[in-house]
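Read the structure below first, then the notes.
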Amino acid sequence: MSISNKFLPGFYLCCFSTVILSFSFSATANDTENHSGEDKSVSSEETAAEFDTQLLRQDRANQIDVNRFTYGSNVIPGKYLIDIIVNGSQISHEEVTFTEVDKYRAEACLTPKIIQLIKLNMDRVPKDSRSELSNPAACSDLSQLLPNATVHFDADKQQLNIEIPQIYLQHTAQGSVDPSLWDSGVPALMLGYYVNGYDSRYNNADTARSLYSSLNAGLNIGNWYFRHNGSYSWTPEQGGGYQSSNSYVQRDAEFVHGHLYLGQYFTSGQMFNSVSYTGAQLASDDRMLPASQRGYAPEIRGVAKTNAKVTIRQSGHILYQTTVTPGAFLIDDLGQTGYGGDLDVTVEEADGSTQQYSVPYSSLAQSLRPGTQQFTATVGKLRDYNAAEMPLFYETTYMRGLTNILTAYTGLQYSQHYQAALLGGAIGTRAGAISADVTQSTSQIGGKIGNPMGQSYRLSYNKLFDATNSNITIAAYRYSSSGYMDFQTAMSTRDAMNNGSDPDSVSRSKNQFSLSFNQGLPAGLGNLYVSSSMQNYWNNNEGYNTQYQLGYSNNYKLLNYSINASRNKAGNGNDQTTWYLTFSMPLGMGNGTGMPYLSMRYNQDSAGGRGQQANLSGSFGEDNKYGYNVSGAHDDNSGSSGSVSGTWEGSKATMNGSYSTGKGYSSTSVGMSGGMVVHSGGVTFSPYSSDNYALIEAKGAEGAKVAGYAGAVIDGSGYALSPSLVPYQENRIGINPEGSDLGVDFENTAQNVVPRSGSVVKVKFATHTGTPVLITTSWQGEPLPFGADIFDDEDTHVGAVSQGGVIYVKVSKQKGTLLVKWGENANNQCRVPYSLNPDDSSAKGKNAIQRFTAVCQKV
């Protein structure tokens, strides 16, 4: 359950150096720039240090060859699967060959493949270095080819850290991921599920039973991903039935930074109301863009007089900082920061002078960066289980960022009996972000409705007022004329007309209004919020349906409290207002995730009804895999009630159950959820359902845990699933060896993957299994020299001698020899024979170590 000795020789160097320091380590070096001792990295150009071997206080200290340590090179020549880091960002996980430079040093061989991943700007690389960097047979040392470039190997982290001046690199936006790293994954069959059984009993002896299950299935073959979603329901009265929600095939369309969907899918709903269809869709996906180019953020332009530092702040917080050369500069990779708050730009010149200016920043969902675009193109038949007519239709939408403040968008819908066109724009100003659009529709209904034509006007606004910390997150108003219908409404009205039903039974919207307002109060005084929505209809005379919410929240130390009011008013005049007072706090100190949490609520409505509720929740056990919730309530109308529920997150599924009782009833439910993937190595289960999995392979490491997910554990076949990967971005997949056999070594415990949307990416962690042995050795009656190298029968470096001549290694054979070397001549080498005892009762079990004494024999 550890990192392989073969791949962590730096561990022994660390121990070696620590002992030497404890005996008053002395060294001389020409380079005195860094004596902190904190950097474990190894440079390709280290200055030699001299060790006084007499300080080891061993009779054979003068025989130990410590020259391999004098340059800090703690890596033995060979091939290593390691992370490659360029200027602090990982670009790949590759096998790198370390070649011997001289007798005591090894350096990384950077192949043309690795050089290509670094993305050098060859036009700026020194001319005399270009030929070697372009040579397909070259083994490059960047520290010799690029001025001020350095190459360091960190053995403890298994990272090759490369630092290159920015001038020699291609410019890439923040968060960029090379599309060549996008992983289509392996062929796999996926299934996510949720199953729940419910049983309710009443005092009058009536019972209600039901079973519900939702299924999300997938089949991945190459770059094509098939998906199916459906559900199964059962009741004793109606029996069981399965309902298919949709089935479709998708694949990436890189040429448009989007996806192709074939089958039963739905339109985006960003401009026109979303509808379900059977057909084809080509749609852009901004997740394929660098993280810093998604959504909206303005371009920052300016002019620097010298080499200057540019800092961009929002509400006092630094969002971005970079260095620019003299002249005009453009920053176009600022990450999306929300929907508002002007940006303050500071340019600090090398001569000490500064420039400061502000750039307006308010945005809406329709806002895009200058030069970026989004689009959809759909053709298919309408899917509506309640409709008799499912016509063929076409829909296309397009949005483009024109300038820093202006985004334009348009859309078209066409069917035999319906046509609509939309045109709009979004503008960001100091007064806030505003979007406005108009949709013209024509419907061919027939009968008394005829062919109505109408318009729908929509206006949205967003603004964060920095001075008062007030945020109107979205204020939207929409007015539709009496002749306007959206596509779904028009088709439903045609159905009603054709079926002889009253077409006015299909509601046609007239006015819609929504508002959300947040007001942050001065420090310690809490927060206020207001939200409301209103809607009425042309063919309904009951007036507006209105909802209002008003609330205040704050905290005192660990106590959180809030007061809220909610008012619902129906168009027919029925209305109700309810007030809520809520308190919540952890029962204990600290930040433990499993800490019990107590919440209490009191509510009263406008009819005089009152209610109280208390709730206690938390989790416990290893990795908090057990969760619980206990609540009690009393209401003037329904009396007293109580409930208890629990969850258990296992390695293959998540289980839940609940029981509740109240005035005249009791109910019980049990449920299970999780996922599974069928792949070439078998079937792997998970307590989590996901559309993007990392299929982890770590043979022999049963019991090891997947970092970040308590329920994800390597199974007996050597597999586990890590869920919820973010497509087109680097995802760090880590393994915690805890729980696996002590005889298992990992070559590395973390890797980066970049999955495509919907893929199952295989992540293989190489392991080595063996029996851990602890051998007390001697050579000519004395302990072996501390730090001497140990090699197995296959001449693989497996460790170093510890203090007192003790050897701790893991051996893969029942019987063999270990070669111990503390010098190159035969007098500085010996062999330790070993033979495992299968009957050793003290050496049985997962974490057992075989211990014995042996004499090191002459080579």
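Every residue in the stretch 157-173 that is surrounded by 14 or more Cβ atoms within 10 Å (Cβ to Cβ) and either in contact with a Leu (Cβ under 7 Å, 6 or more places away or on another chain) or in a helix (DSSP H, G or I) (or both), please. Walk me through it before giving the result.
As a first pass, look at the stretch 157-173 and keep what is surrounded by 14 or more Cβ atoms within 10 Å (Cβ to Cβ): 157-164, 168-169, 172-173.
Those that are surrounded by 14 or more Cβ atoms within 10 Å (Cβ to Cβ) and either in contact with a Leu (Cβ under 7 Å, 6 or more places away or on another chain) or in a helix (DSSP H, G or I) (or both): ILE162, ILE164, TYR168, LEU169.
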Checklist entry - When the stretch 114-133 is examined, which residues are found to be of a type outside the set (S, T, N, Q) and in a loop (DSSP other than H, G, I, E, B)? => result LYS119, MET122, ASP123, ARG124, VAL125, PRO126
Checklist entry - Which residues, taken from the stretch 220-233, are assigned to a strand (DSSP E or B) and either surrounded by fewer than 16 Cβ atoms within 10 Å (Cβ to Cβ) or of a type in the set (Gly, Ala, Ser) (or both)? => result ILE221, TRP224, GLY230, SER231, TYR232, SER233
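Could you check, for the stretch 192-204, whether at least one of its residues is under 27 Å from the mean Cα position of the chain (by Cα), assigned to a strand (DSSP E or B), farther than 29 Å from ARG294 by Cα and among the polar types (S, T, N, Q)? First the steps, then the outcome.
Restricting attention to the stretch 192-204, the residues satisfying the condition of being under 27 Å from the mean Cα position of the chain (by Cα) are 192-195.
Checking which are assigned to a strand (DSSP E or B) leaves us with 192-195.
Keeping just the survivors that are farther than 29 Å from ARG294 by Cα gives 192-195.
Filter once more, keeping what is among the polar types (S, T, N, Q): none.
Within the stretch 192-204 (the criterion being under 27 Å from the mean Cα position of the chain (by Cα), assigned to a strand (DSSP E or B), farther than 29 Å from ARG294 by Cα and among the polar types (S, T, N, Q)), the answer is no, since none of the residues qualifies.
Condition first: in a loop (DSSP other than H, G, I, E, B), within 32 Å of the chain's Cα centre (by Cα) and of a type in the set (Gly, Ala, Ser). Now tell me which residues in the stretch 362-405 satisfy that. Walk me through it before giving the result.
Within the stretch 362-405, the subset in a loop (DSSP other than H, G, I, E, B) is 363-372, 383-391, 402-405.
Still in the running and within 32 Å of the chain's Cα centre (by Cα): 363-372, 402-405.
Listed by number, the residues that qualify are SER363, ALA365, SER367, GLY371.
Rundown of residues vs (1) among the hydrophobic types (A, V, I, L, M, F, W, C); (2) part of a loop (DSSP other than H, G, I, E, B); (3) in contact with a strand residue (DSSP E or B) (Cβ under 8 Å, 6 or more places away or on another chain), yes/no style:
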| site | (1), (2), (3) |
| --- | --- |
| ALA694 | yes, no, yes |
| GLY703 | no, yes, yes |
| ALA720 | yes, no, yes |
| LEU725 | yes, yes, yes |
| GLN729 | no, yes, no |
Next on the checklist: From the list SER651, SER660, exactly one residue is assigned to a loop (DSSP other than H, G, I, E, B) and modelled with pLDDT under 95. Which is it?
Outcome noted: SER651
Checklist entry - So GLY401 fits all but one of (1) without any contact (Cβ under 8 Å) to a residue 40 or more places away in the chain; (2) over 18 Å from ARG508 (Cα atoms); what number is the exception? => result (1)
Next on the checklist: Of the residues GLN250, GLN293, GLN238, only one is within 27 Å of the chain's Cα centre (by Cα) and within 30 Å of ASN196 (Cβ to Cβ); which?
Outcome noted: GLN250
Checklist outcome for this item: Condition set closer than 18 Å to MET190 by Cα and either without any contact (Cβ under 8 Å) to a residue 24 or more places away in the chain or among the polar types (S, T, N, Q) (or both), scope the stretch 666-716, selection surrounded by the fewest Cβ atoms within 10 Å (Cβ to Cβ): answer is SER680
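Okay, residues lined up against (1) modelled with pLDDT under 90; (2) under 20 Å from GLN512 (Cα atoms); (3) surrounded by 15 or more Cβ atoms within 10 Å (Cβ to Cβ):
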| position | (1), (2), (3) |
| --- | --- |
| LEU412 | no, no, yes |
| HIS417 | no, no, yes |
| GLY424 | no, yes, yes |
| THR429 | yes, no, no |
| ALA433 | yes, yes, yes |
| ALA436 | no, yes, yes |
| GLY447 | yes, no, no |
| ALA467 | yes, no, no |
Next on the checklist: If I go through the stretch 132-145 residue by residue, how many of them are in contact with a strand residue (DSSP E or B) (Cβ under 9 Å, 6 or more places away or on another chain) and touching a residue at least 24 places away in the same chain (Cβ under 8 Å)?
Outcome noted: 6
Checklist entry - Do the conditions hold for SER176, that is, is it surrounded by fewer than 19 Cβ atoms within 10 Å (Cβ to Cβ), within 29 Å of VAL760 (Cβ to Cβ) and touching a residue at least 24 places away in the same chain (Cβ under 8 Å)? => result yes
Item to check | Residue ID - modelled with the highest pLDDT, chosen from residues in the stretch 75-107 that are of a type in the set (A, V, I, L, M, F, W, C) and more than 31 Å from the chain's Cα centre (by Cα) | outcome: PHE98
Checklist outcome for this item: Of (1) at pLDDT 85 or above; (2) among the polar types (S, T, N, Q); (3) assigned to a loop (DSSP other than H, G, I, E, B), SER176 satisfies every one except (1)
Item to check | One residue from PRO147, PRO136 being modelled with pLDDT of 80 or more and in a loop (DSSP other than H, G, I, E, B) | outcome: PRO147
Checklist entry - Residues PRO833, PRO785, PRO772: which one is in contact (Cβ under 8 Å) with a residue 60 or more places away in the chain and outside any loop (DSSP other than H, G, I, E, B)? => result PRO772
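Scan the stretch 730-739 and tell me whether some residue there is in contact (Cβ under 8 Å) with a residue 40 or more places away in the chain, within 28 Å of ASP285 (Cα to Cα) and in contact with a helix residue (DSSP H, G or I) (Cβ under 9 Å, 6 or more places away or on another chain).
Initial filter on the stretch 730-739 (in contact (Cβ under 8 Å) with a residue 40 or more places away in the chain): 730, 737-739.
Right, trim to within 28 Å of ASP285 (Cα to Cα) and you get 730.
Restricting the remaining residues to those that are in contact with a helix residue (DSSP H, G or I) (Cβ under 9 Å, 6 or more places away or on another chain) gives 730.
Yes: the stretch 730-739 contains one or more residues that are in contact (Cβ under 8 Å) with a residue 40 or more places away in the chain, within 28 Å of ASP285 (Cα to Cα) and in contact with a helix residue (DSSP H, G or I) (Cβ under 9 Å, 6 or more places away or on another chain).
The values are calculated or read from the model by the stated rules, or taken from the named source; none is laboratory data. All values reported here derive from a predicted model rather than from experimental measurement. A quick note on method: Cβ atoms are made from the backbone with ideal geometry, for glycine too, and the neighbour counts reach across all protein chains shown.
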